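What follows draws every value from the coordinates through simple rules; no lab data is involved. Because the structure is a prediction, the values reported are computed rather than measured. Glycine gets a Cβ as well: all are built from the backbone with ideal geometry, and neighbour counts include every protein chain shown.
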Amino acid sequence: MRKTKTDFAYEQLKTLIAEERITKGRIIAIGEIAGMLDLGRAPVLTAVKRLESEGFLQVVPQVGVILRDLTLTEVRNINDVRIAIECAIIKEVTPYITAAKLEQARASINEQAAAAEAQDFRRFVLADNFFHRRLYQESRNPEMVEIMRRLSDRLFSVSLCLIMYPGRMATTVTEHKGVLDALAQGDADRAQTAMKTHLENGKNLTL
């Protein structure tokens, strides 16, 4: 299906947010965003309203938009939902996940290890996100996949902060390997337990 200008604006604007090219705390005019994306105001405004409804932005009437910071309560609530859904997904996909998909996940872990060695936090979080997406996108429940995609996008900046905790990158790599080992052995219960431990460890850093 061909993407509309609004779809393009939505995806590109989310990328600008993830790459922190929109500064937190600064109001940015719709016209400025349109110029950055080389689009008209109409598709940008529609994309902005969608992102506002998803909690990424706040519209300041007659002025522009401002990037929202998640509250601590929102972070905890999102993490609780993520734990519930992703743990359900990991158990679901274990019986039919392919060797090719496992290899892609393993490559992501190797990328994380390399990023940790280089102390490249953004590179690490991108590889971390790919690891999780590679697994949950195997779910045969598209509704859960869509929910997980949105949660992952909203938590990107939070993940970037948490991964800076001393030792967290190394621990994450070890935890991911535990999930992958269980998946490779077809042990759904152990994969689910390993994923829950991993996600709860991350959540605990926000407490």
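The table that follows gives values for the structure above.
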{"item": "At 0.692 mPa s and 37 °C, Stokes D of region 95-159 from Kirkwood alpha-carbon radius, µm² per second", "result": "261 µm²/s"}
{"item": "Dipole axis of region 8-160 (+1 Lys, Arg; -1 Asp, Glu on Cβ), positive-most option in A105, P95, G31", "result": "G31"}
{"item": "K49/Y165 FRET efficiency (R0 30 Å; Cβ-Cβ; nearest 0.05)", "result": "0.30"}
{"item": "Inter-part distance where region 55-74 and region 153-182 are each reduced to a Cα centre, Å", "result": "26 Å"}
{"item": "Using θ = phi - 60° and Karplus 6.51 cos²θ - 1.76 cosθ + 1.60, couplings along region 88-94 (whole Hz; Gly, Pro as x)", "result": "5, 5, 4, 6, 5, 7, 3"}
{"item": "Members of K24/K101; K91/K177; K3/K203; K24/K177 lying beyond 26 Å, as alpha-carbon distances in this model show", "result": "K24/K101; K3/K203; K24/K177"}
{"item": "Hz values of 3J(HN,Hα) by residue in region 120-126 - Karplus curve (6.51, -1.76, 1.60), Gly and Pro given as x", "result": "9, 5, 5, 4, 5, 5, 4"}
{"item": "Magnitude of the charge dipole, the chain, Cβ model with Lys/Arg +1 and Asp/Glu -1, debye to 20", "result": "420 debye"}
{"item": "Computed [θ] at 222 nm, helices only, for the chain once each DSSP H run of length n ≥ 4 contributes -39500 (n - 2.57)", "result": "-23000 deg cm²/dmol"}
{"item": "Zone of D69's modelled label, taken as backbone nitrogen in region 121-156 under 18 Å from a point 7 Å along Cα→Cβ", "result": "154-156"}
{"item": "Extended-chain gain in nm, criterion 0.36 nm per residue less alpha-carbon gap, K91 and E143", "result": "17.1 nm"}
{"item": "Isotropically averaged projected area of the chain, using the convex hull of Cα atoms (one quarter of hull area), nm²", "result": "12.3 nm²"}
{"item": "Rounded to whole Hz, the Karplus (6.51, -1.76, 1.60) HN-Hα couplings of region 171-176, x for glycine and proline", "result": "5, 4, 4, 4, 5, 5"}
{"item": "Spatially proximal lysines relative to K5 (Cα-Cα < 18 Å; intrachain offsets below 8 disregarded)", "result": "K14, K49"}
